[in-house]
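Down below is the structure, laid out as structure tokens.
Here, each number is a calculation from the coordinates, and none is a lab measurement. This one's a predicted model, so the numbers in the text were calculated from it and none came from an experiment. Cβ placement follows ideal geometry from the backbone for every residue including glycine, while neighbour counts extend to all protein chains displayed.
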Amino acid sequence: MQDISRCFPATPKGWQYELIYKRIRHIYFRIYPDKRTVRISAPTRISRKALEHAIQSKSAWLMEKMTSPGNAPPPFNPLSVMKDRFSCMVWGRRLPVVRGTCHARPGICLSPESEIIIQVPSSFDPKKEENLWNTWLRTLLNERIQMLLEEWQPVMDVAPAEFRLKKMKTRWGSCNTVARRIWINTVLVHLEPCLLEYVLVHELVHLLEPGHTRRFYQIMETHLPDWKASDVRLNKIELRQ
Ligand SMILES: [Zn+2]
């Protein structure tokens, strides 16, 4: 097929276009914030001119989408931006924080519109609010780990005695193979769910093969063939902060 990549409109730094031809009748544009990619699906029989025209006419819209905060890819660094007063990263998405001051019990919940609603008295102690956040985020993490374990344990035929959560500065997860205890870094709740899954599966594999041996990576490959992409992604995040 013709190379029209030179006609693509400019992108913000780090973004790229991907053009694929399919047996379809119309052109479709799809934004993948996590991959910083705009995928253009075009009919196989489309002329170069028509394709160029369609892409050019969409360029302002595409630029707007790529730069919109909702489509911003999760930041790699620094970790402190994963949560501030106005937003919080949850499973790789930046969600707005809406504050209420009702007199009910202090609490945090997720609205159906994916807003994080925090209800605390106006003079609430910041330390207590921090605890509230930690408890809520740990609950989310716990629930998803539980779900992942239910999925992976039968597949891998392995079960940890327990898993625990900890904010760690040097690793994403660890496994005590004697106690069969898995530790998961609490920061993972801020990142894409596939990264938690990778860390958990990695630690489960240690229950089958303690060291990072050839066999370890063979097992890893069998269960999560795309584990390397997750590994690269996690290595880019600076945990020591
Ligand atoms: Zn390991």
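Using Cα-Cα distances under 8 Å and only pairs 6 or more residues apart, what relative contact order does segment 87-235 have, in percent?
19
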Spin-label pair Glu238/Ser59, simplified geometry with 7 Å Cα→Cβ offset, distance in nm: 3.6
Antiparallel bridges, percent of DSSP beta bridges restricted to segment 5-71 (to nearest 5): 40
Per-pair calculated FRET efficiency, R0 = 41 Å: Thr170 and Glu129 via Cβ, rounded to 0.05: 0.90
Projected label distance in nm at Ala229 and His212, using a 7 Å step from Cα toward the beta-carbon: 2.2
Convex hull volume of segment 49-185 per residue (C-alpha atoms, cubic angstrom): 207
For the chain: span of alpha carbons on each principal axis (Å, largest first): 63, 55, 31
